[in-house]
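Visitor: Dropping the structure in here first, questions after.
The values are calculated or read from the model by the stated rules, or taken from the named source; none is laboratory data. For clarity, every value in this text was computed on a predicted model and none was experimentally measured. Here Cβ is always computed from backbone atoms with ideal geometry, including for glycine, and neighbour counts include all displayed protein chains. Calculation scope for accessible area: heavy atoms of the full protein, side chains included, ligands and nucleic acids excluded. Shrake-Rupley method; radii C 1.70, N 1.55, O 1.52, S 1.80 Å.
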Amino acid sequence: MVSRLLSTEALARASAEHPWRVVAAWIVLLISSFVLVSTLLADALTTNQEMTNDPDYARARAILSERFPGPDGLNELVIVRSASATIDDAEFRGFVERLTSEIAALGPGVVAATANYYLLADEDLVSADRDTTIVPVIMAGSRNDAIANAHKLHEIVDAAGESGEFEVFQTGRATAGSDFQEASERDLLTGELIALPIALVILVLVFGALAAAVVPMLLAGVAIVVATGASALLGQTFELSFFVVNMITMMGLATGIDYSLFIVSRYREERRRGRDQQSAIVATGGTASRAVLFSGMTVVVALAGLLLVPVNVFRSLSIGAIFVVIAATLASLTLLPAVLSLVGDRINALRIPIFGRASAGGRQELEGGFWDRITRAVMARPIVSLVIAAGILIAAATPALDIETGAAGVSTLPEGMRSRDGLVVLQDEFSAGLLSPVQIVVDGDATSARVQDGVGRLSAALASDADFGALRLAPAPAGDALLITVPVAGDPTSRPAAEAVKRLKTDIIPQAFDGVDARVFVGGATAENVEFFDISDRYTPIVIVFVLAISFILLMVVFRSLIVPIKAIFMNLLSVGAAYGVIVLVSQKGVGADLLGFQQLDVVEAWIPMFLFAVLFGLSMDYHVFMLSRIRERFDQRGDNTEAVSFGLRTTAGLITGAAAIMVAVFGGFATGDLIMFQQIGLGLAVAVFLDATVVRSVLVPASMKLLGDRNWYLPRWLRWLPDLRVEAPEDDFVEVEAETAAERQPAS
């Protein structure tokens, strides 16, 4: 009885019998989420990339904060350049001093310190031809504070540049953080503007009715708002990456629309079979709703693997995606049955000619249709079909062997963004390494002879290394630590800079300070990237093994088969590998990048391979569960494997194709943005979903199931103790539920 109460059938029945209560509960949840988003979201997000495994850069930062007095904020560089004057001219000096005074006037709440060449007499602040100078600024407060206050500094810089006397640029970590936030919000809007209309058109074509097409859009919107509200609340105790909003929107549109598409389609199918409204909702609850529940579970399980990685970016994206998948699943299981109970057959209102008639006729269940012919053609030559399909995926995956991971830094931002334009000038006139120099912190007696000898050896090694600039020394006031700063050549976020700092950590510093009684830590933005790359490389196999193991167990229990999960894992690995290959081919190698409007970068963002694996594996299993549930349902009824495969594919192929088209539209829309990370993610997701719905589901699945026959459902005797949690409930269950429903409606005697 308990299992019956917790079943998806019972949940659908309860929601359909008390629709206004369910709708009211979701409205309250929706309003609460809006309040949480409007009041808490801003404080819940951060641009910081934090690691929880106590890395070297964090130790260096802690020592600097504890033992070195003075401002401890983000460095900003304001760059002044003249086409006619030099730093030695009075008008140049007057302009720089006025600008410095205006910046200082922002107060200690915004600017902790500022200076210029005329105050410090530091020739490193002047370009070689003396027509450009740097005004260094240290922002006050935390990184989030600095980013929030960056616009105040921008206003002064913009006003100074508008005078026309001098060119004024600005770059730095606060400005970069502000620019990335702006680009992220713009990409989010662009993705929505592209994805939503296309998704609506596809839904109209699939359903043949405008009313039915609007429902999945509304459900996806509800899931997105609720998940964002939950993230805003959680972010009060655990700061989330600001990219979490993009991830919630992207995954919410994809899964929210798909889940409701499956359920609404099954409900309409049950009505065509002659069931009354309530019985159709209950039957849908025992079939499509149960498939959605297990599909959602597989996505959540796959995404949970990212929680193992001790980096807030991975955990934030995982949490946001998990929240929205859970919200979409719960809304599909409760809110959607309630809405169907209220609207009834009006779900078919505003039918579209031709498509409306085709949709209403239930033609997908007839033999001889388009998908039925494809399936039977594949099963007629299963070996050839299997070899060709696998060959296509393997060929697409081949470029992934050349993958190089790294970071897309400020230089990948579009022209016209402050931090990017400022970095270009800095690189031309000085060195981009000045933006974020390497910080080498020596934890020990700075005055000891051995420490001084170590510093001497380090200085000599770096002087002959073209990857580094001139170093500077700054002992702590108490003499118990020494700060050595040295710029690294090129963009501090580039892979060459990261390789140089890695060599500094693993070779140069250990040799220089060998036998010295002091600990040496390397900090700074580039060192942070090095730590991040190492963590990504180290945890990728861990996440992959976790996701594969949990997915295998879940699918084995759901389908009570040892073969089904093995095949599913193998086929999903092929589609994920193909997605990697296309990303490398287009984004890293630049093949077709201009045609698609993508940036070409020599590396793939270091966090993307691991992230894509978890997301793609979950989404691939999503379709697999939905399709195999219909195949297993038919096999249990008829006992004919070939007929069951043909039935399962022809009854789900149209829906899966429509759902995949929606996902491709959503992911493709987000790939059109300016941020290269979203270009790579959107491209990879779109390609994988497309291949999954075509090559994998239309060819590999039927071919492999035909070859294996009844062995598809093989489960060893020693595993038959596993609980029977199959997705599709037997037909008798619906009859029993309907009987219970009818009995409960009878007045008491």
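Visitor: Being open to solvent by 60 Å² or more (accessible area, probe 1.4 Å) and in contact (Cβ under 8 Å) with a residue 40 or more places away in the chain is the filter; apply it to segment 383-394 and report the residue that is farthest from Leu573 (Cα to Cα). Lay out the reasoning, then the answer.
Guide: Looking only at segment 383-394, we keep the residues that are open to solvent by 60 Å² or more (accessible area, probe 1.4 Å), and these are 383-384, 387-388, 392, 394.
In the following step, the residues that additionally are in contact (Cβ under 8 Å) with a residue 40 or more places away in the chain were identified as 383, 388, 392, 394.
Details: Ile383: 20, Ile388: 17, Ile392: 13, Ile394: 10 Å.
So the residue we want is Ile383.
Visitor: Give me the residue from segment 472-491 that is farther than 17 Å from Ala60 by Cβ and in contact with a Pro (Cβ under 9 Å, 6 or more places away or on another chain) and, out of that set, modelled with the lowest pLDDT.
Guide: Of everything passing the filter in segment 472-491, Gly490 is modelled with the lowest pLDDT.
Visitor: For segment 492-503, check the following and say yes or no: at least one residue is of a type in the set (S, T, N, Q), open to solvent by 10 Å² or more (accessible area, probe 1.4 Å) and at pLDDT below 85.
Guide: The answer is yes; a qualifying residue exists.
Visitor: Same structure, new question: Residue under question is Gln439, and the condition is that it be part of a helix (DSSP H, G or I), open to solvent by 30 Å² or more (accessible area, probe 1.4 Å) and of a type outside the set (A, V, I, L, M, F, W, C); does it hold?
Guide: On the way: part of a helix (DSSP H, G or I): no; open to solvent by 30 Å² or more (accessible area, probe 1.4 Å): yes; of a type outside the set (A, V, I, L, M, F, W, C): yes.
Against the criterion (part of a helix (DSSP H, G or I), open to solvent by 30 Å² or more (accessible area, probe 1.4 Å) and of a type outside the set (A, V, I, L, M, F, W, C)), Gln439 does not qualify.
Listed here are the residues, each with its yes/no results for (1) open to solvent by 40 Å² or more (accessible area, probe 1.4 Å); (2) assigned to a helix (DSSP H, G or I); (3) aromatic (Phe, Trp, Tyr); (4) at pLDDT 85 or above.
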| residue | (1), (2), (3), (4) |
| --- | --- |
| Ser411 | yes, yes, no, no |
| Asp421 | yes, yes, no, yes |
| Leu426 | no, yes, no, no |
| Arg450 | yes, yes, no, yes |
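Visitor: Next up: Among the candidates Ala24, Ala83, Ala90, single out the residue that is loosely packed, with under 15 Cβ neighbours inside 10 Å, of a type in the set (Gly, Ala, Ser), farther than 30 Å from Ile281 by Cα and free of Cβ contacts under 8 Å to residues at least 24 places away in the same chain.
Guide: On the way: Ala24 fails: farther than 30 Å from Ile281 by Cα; Ala83 fails: free of Cβ contacts under 8 Å to residues at least 24 places away in the same chain.
After ruling out the rest, the residue left standing is Ala90.
Visitor: From Gly581, Gly590, Gly577, which residue is of a type in the set (Gly, Ala, Ser), open to solvent by less than 30 Å² (accessible area, probe 1.4 Å) and outside any helix (DSSP H, G or I)?
Guide: Testing whether each residue is of a type in the set (Gly, Ala, Ser), open to solvent by less than 30 Å² (accessible area, probe 1.4 Å) and outside any helix (DSSP H, G or I) leaves just Gly590.
Visitor: Got at least one residue in segment 609-619 being over 20 Å from Phe533 (Cα atoms) and either outside any helix (DSSP H, G or I) or of a type in the set (Asp, Glu) (or both)?
Guide: no
Visitor: For segment 456-538, which strands (runs of 3 or more DSSP E) that fit wholly inside it have 1 or more residues that are under 30 Å from Leu308 (Cβ atoms)?
Guide: 519-523
Visitor: If you don't mind, there's one more thing I want to ask. Ala227 fails exactly one of the following numbered conditions: (1) modelled with pLDDT of 90 or more; (2) hydrophobic (A, V, I, L, M, F, W, C); (3) out of contact with any helix residue (DSSP H, G or I) (no Cβ under 6 Å at 6 or more places or on another chain). What is the number of that condition?
Guide: Failing condition for Ala227: (3).
Yes/no per residue for (1) more than 30 Å from Gln599 (Cα to Cα); (2) modelled with pLDDT under 90; (3) in a loop (DSSP other than H, G, I, E, B):
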| position | (1), (2), (3) |
| --- | --- |
| Pro337 | yes, no, no |
| Leu340 | yes, no, no |
| Arg346 | yes, yes, no |
| Trp371 | yes, yes, no |
| Met379 | yes, yes, no |
| Ser385 | yes, no, no |
| Ile394 | no, no, no |
| Ala397 | no, no, no |
| Leu401 | no, no, no |
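Visitor: From the list Ala489, Ala525, pick out the single residue that is open to solvent by less than 20 Å² (accessible area, probe 1.4 Å) and among the aliphatic types (A, V, I, L, M).
Guide: Numbers: Ala489 fails: open to solvent by less than 20 Å² (accessible area, probe 1.4 Å).
None of the other options fit; the residue is Ala525.
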